[in-house]
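Take a look at the structure below.
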Amino acid sequence: MNEAETRAELIDPQLKEAGWGVVENSRILRERHITDGRIQAGGKRSKPLIADYILQYNNRNIGVVEAKSSDLDVSEGVMQAKEYAKKLSVNFTYAANGKEIYEISTLSAKEGKVTKFPTPDELWERTFSAKNEWKDKFNSVPMVSYDGTSNIRYYIESATNKVLDAIAEDKQRILLTLATGTGKTFLAFQIAWKLFQSRWNLKKDGSRQPRILFLSDRNVLANQAYNEFHRFPEDALIRIKPNEIKRTGKVPTNGSIFFTIFQTFMSGEDDTPYFGEYPKDFFDFIVIDECHRGGANDESSWRDILEYFSPAVQLGLTATPKRNNNADTYKYFGEPVYIYSLKQGINDGFLTPFKAKIIEGMMSEYTYDSADDVEEGEIENKTYTEKDFNTKIMIPERERLRVAYLLQQMNQSEKTIVFCATQRHAAEIRDYINQLAESTDTNYCVRVTAEDGSQGDQYLEDFQNNEKNIPTILTTSQKLSTGVDARNVRNIVLLRPVNSMIEFKQIIGRGTRLFDGKDYFTIYDYVDACKLFEDSEWDGEPVDPEPPRGPRNPIDPPDEPLPPDEPEEPKQKIKIRLAEDKIIEIKPIQTTLFMDANGKTLTVQEFIQNLYGHLPTHFKDEKELQEIWANPKTRDKLLKTLSDEGYGASELAELQRIVDAENSDLFDVLEYIAFSIKPIARVDRVAKTSDTILNELSVKEKEFIEFVLAKYIDAGFGELDENKIPILLELKYGSIYDAKKALGEVDDIRKVFFSFQKDLYALEMH
């Protein structure tokens with residue numbers, strides 16, 4: 001029996017006999033997608049993780065079954081079963097071939113063959129041996145998406161359950177670490193929904209629904225959360241605003257889910273904060289969004305709020321793993337109950353991968369000499385480094401050349417955010433972009449900083465609207481590093497130093513959101529900030545933190561009267577006009593970073609070395625590579641395997657560019673890396689093989705294959721994929737019907753399409 005037959009005729013009856021799908025509240029989720037597969041070039045994805053069976057009871061995933069054909073040994077499914085269990089955070093997982101069942105407990109590390117599947121009640125008892133009333137109540141509430149469907153990403157389910165289990169076990173401080181763009185607000189909604197529906201509160205008597213506070217440091221985040229909680233009854237949601245408090249003379253209390261920002265709670269008349277008007281035990285549960293931004297700092301005023309409401313269960317949400325400058329957050333909340341990293345999000349296909357281009361040689365240092373003119377300020381006899389540019393010293397021509405190179409490298413129609421040193425610098429870069437860009441729209445590039453007020457907010461809103469193309473580029477300094485959900489951002493440009501790992505991850509998060517047709521985003525790094533990718537989030541366990549440093553002031557939203565989190569503009573800057581010969585010397589040197597399957601960033605040399613080490617596992621010599629590549633089916637299989645190993649289409653295309661083989665076939669690039677054979681251009685490959693290819697073809701077949709070869713020369717080997725046949729036929733003949741009139745049946749056309757590729761990739765041409 002094949003696998004499908006084995007499942008239908010053997011495994012399905014065994015599960016039914018055990019009560020799965022029969023016992024009330026038990027379900028079998030068949031062929032369930034766990035991940036979507038990493039995004040590749042051209043809208044393709046690597047192979048997703050798909051579980052044959054997920055065993056669900058009382059709204060919890062408690063088992064996984066990996067099925068194999070009855071012709072295979074049951075052990076063939078063990079590794080996959082373990083992988084699925086780890087992803088889904090379940091203890092018990094099974095491999096089955098219809099004849100045998102192999103059980104694994106991921107917690108006890110016990111495994112071995114069993115005679116039958118456990119019943120839902122048996123597996124539940126083994127999973128939750130300790131009785132807990134509130135766990136049962138939370139589990140009785142199904143998870144729901146915003147639109148009412150049940151298609152929820154696995155890590156959201158796992159994180160929700162981890163938090164609710166912690167609440168049921170009376171844990172008072174809880175931490176979740178999830179990468180930017182993975183849905184922390186939706187996760188908070190999910191937790192709040194279950195608490196609300198189960199009527200949990202601090203008294204644990206079910207007498208009332210909980211009072212939940214969603215606390216953030218920016219209005220944009222609070223408003224986003226308020227809007228996304230729309231499945232709750234309208235009268236349950238309360239947006240706490242200072243103007244409303246002043247108007248009514250009191251804080252709002254008649255609701256269940258409250259949304260506000262720290263700044264509102266800290267304000268109040270006569271220096272008395274508004275939060276003090278609530279009883280200390282008013283809130284049962286508090287969600288602190290972006291809690292790494294200072295909410296748990298020992299010396300922070302934010303901490304006053306959390307300590308005042310200390311009876312409440314407090315959940316911290318952060319996108320940043322433990323490190324020196326947020327150690328206090330981890331000290332306050334404890335170790336996270338669940339972690340979902342940037343690396344995991346990209347590899348699972350829930351976040352967009354990136355390309356990182358490091359641009360050097362554009363004057364990262366400056367030492368004054370008398371050939372230059374000092375137009376403003378008083379020059380010091382020293383060397384100015386990257387951190388001094390545009391804060392202490394201005395060299396306009398340097399910035400203009402950086403902008404010119406950026407516009408030359410990027411697609412100017414793509415939405416882009418440029419991070420600058422100061423608000424003044426952001427204005428300068430905006431002007432240079434508008435002067436040098438192809439677009440003639442006056443709002444092609446705009447500045448969005450604290451100084452831009454409501455006009456800046458409108459620019460941002462238009463930028464986030466994916467139906468609008470203007471503005472295309474935003475320049476900023478600090479304001480857009482967090483809280484901006486612009487899904488179609490294709491480029492992140494760093495023109496200022498980024499010294500904080502936390503800030504770096506937040507900035508990168510502006511590009512990771514998924515969007516149709518967005519295969520990757522590009523980081524243009526002029527300041528060597530990408531070194532911050534070498535991080536425990538990517539490479540290993542967090543390091544032990546150093547003692548926390550001093551407090552950090554929260555960023556103020558536009559409608560609150562607090563100073564913005566923008567660097568102070570220097571009262572006086574030095575402005576230099578460079579001598580002509582120095583301007584000529586400013587030439588860019590660009591390098592590219594890659595990311596391997598484990599999330600580690602690699603230099604070009606490291607990437608090529610790793611690829612060189614992998615290639616012998618797929619083919620032993622040039623002849624075998626030629627045979628694989630000459631067949632569209634085996635070629636596609638090889639590319640998918642390489643993609644799963646971290647060598648996807650976009651990475652290999654970039655490698656083609658780096659080795660100056662953009663006009664060659666990817667086959668030549670693999671040959672070059674594996675066997676040091678110099679690449680030839682596609683046009684030369686066709687010229688050398690066309691006589692052989694066309695020799696035995698009919699007149700009509702020659703016309704078609706010549707058409708295909710022209711497409712190949714222009715666009716590359718992708719035109720030779722099997723799925724391109726109907727597209728090429730319609731392009732050439734207008735319809736499949738007309739193509740068949742000229743060439744015969746589709747099977748005959750397919751044979752010709754496959755056979756000519758053997759000659760195209762013949763070894764003899766070298």
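The values are calculated or read from the model by the stated rules, or taken from the named source; none is laboratory data. Owing to the predicted nature of the structure, the values given are computational and were not obtained by experimental measurement. Ideal geometry is used to build each Cβ from the backbone, glycine not excepted, and the neighbour counts take in all protein chains shown.
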Residues in segment 117-152 that are touching a residue at least 12 places away in the same chain (Cβ under 8 Å), among the hydrophobic types (A, V, I, L, M, F, W, C) and closer than 19 Å to residue 86 by Cα total 3
Looking across segment 136-146 at residues that are surrounded by fewer than 22 Cβ atoms within 10 Å (Cβ to Cβ) and either aromatic (Phe, Trp, Tyr) or closer than 25 Å to residue 33 by Cα (or both), the single one that is modelled with the lowest pLDDT is 146
Please identify the pairs in which a residue from segment 374-403 that is on the phi < 0 side of the Ramachandran plot has its Cβ atom under 9 Å from the Cβ atom of a residue that is in a helix (DSSP H, G or I) and exposed (fewer than 13 other Cβ atoms within 10 Å of the Cβ), counting only partners at least 6 apart or on another chain. 400/435; 403/435
Inspect segment 283-303 for any residue being aromatic (Phe, Trp, Tyr), outside any helix (DSSP H, G or I), closer than 21 Å to residue 333 by Cα and at pLDDT 80 or above and give the result as yes or no. yes
Scan segment 388-395 and give yes if some residue there is farther than 23 Å from residue 435 by Cβ and assigned to a helix (DSSP H, G or I), otherwise no. yes
Checked against (1) crowded, with 24+ Cβ neighbours inside 10 Å; (2) in contact with an Asp or Glu (Cβ under 9 Å, 6 or more places away or on another chain); (3) of a type in the set (Gly, Ala, Ser), residue 181 satisfies every condition except (1)
Take residue 51 and decide whether it is surrounded by 14 or more Cβ atoms within 10 Å (Cβ to Cβ) and either more than 23 Å from residue 138 (Cβ to Cβ) or assigned by TED's automatic domain parsing to the domain that holds residue 641 (or both). yes
Checking residue 114 against (1) surrounded by fewer than 22 Cβ atoms within 10 Å (Cβ to Cβ); (2) under 20 Å from residue 154 (Cβ atoms); (3) without any contact (Cβ under 8 Å) to a residue 60 or more places away in the chain, which single condition isn't satisfied? (2)
Kindly evaluate residue 149 against the criterion of being within 30 Å of the chain's Cα centre (by Cα), more than 20 Å from residue 105 (Cα to Cα), of a type in the set (Ser, Thr, Tyr) and at pLDDT 95 or above. no
Being out of contact with any helix residue (DSSP H, G or I) (no Cβ under 9 Å at 6 or more places or on another chain), over 28 Å from residue 40 (Cα atoms) and not assigned by TED's automatic domain parsing to the domain that holds residue 44 is the requirement here; does residue 691 meet it? yes
Confirm whether residue 99 is surrounded by fewer than 17 Cβ atoms within 10 Å (Cβ to Cβ), over 33 Å from the mean Cα position of the chain (by Cα) and over 30 Å from residue 204 (Cβ atoms). yes
With a cut-off of at least 1 residues that are under 23 Å from residue 228 (Cβ atoms) and out of contact with any Phe, Trp or Tyr (no Cβ under 8 Å at 6 or more places or on another chain), name the strands (runs of 3 or more DSSP E) lying wholly within segment 431-513. none
Selection count, segment 194-237, where residues are β-branched (Val, Ile, Thr) and at pLDDT 90 or above: 1
The correct count of residues that are touching a strand residue (DSSP E or B) at 6+ places or on another chain (Cβ under 8 Å) and surrounded by fewer than 19 Cβ atoms within 10 Å (Cβ to Cβ) in segment 59-79 is 3
Is one or more of the residues making up segment 196-218 assigned to a helix (DSSP H, G or I), assigned by TED's automatic domain parsing to the domain that holds residue 309, under 16 Å from residue 315 (Cα atoms) and in contact with a Phe, Trp or Tyr (Cβ under 9 Å, 6 or more places away or on another chain)? yes
When every residue in segment 655-674 that is modelled with pLDDT under 90 and not in a helix (DSSP H, G or I) is compared, the one surrounded by the most Cβ atoms within 10 Å (Cβ to Cβ) is 661
Suppose the filter is crowded, with 19+ Cβ neighbours inside 10 Å, among the hydrophobic types (A, V, I, L, M, F, W, C) and assigned to a helix (DSSP H, G or I); does residue 708 pass it? yes
So residue 677, is it without any contact (Cβ under 8 Å) to a residue 12 or more places away in the chain and either assigned to a loop (DSSP other than H, G, I, E, B) or outside the structural domain of residue 40 (by TED's automatic domain parsing) (or both): no
Does segment 407-418 include one or more residues that are over 11 Å from residue 473 (Cβ atoms) and hydrophobic (A, V, I, L, M, F, W, C)? no
Among 231, 211, which is under 28 Å from the mean Cα position of the chain (by Cα), over 23 Å from residue 89 (Cα atoms) and touching a residue at least 24 places away in the same chain (Cβ under 8 Å)? 231
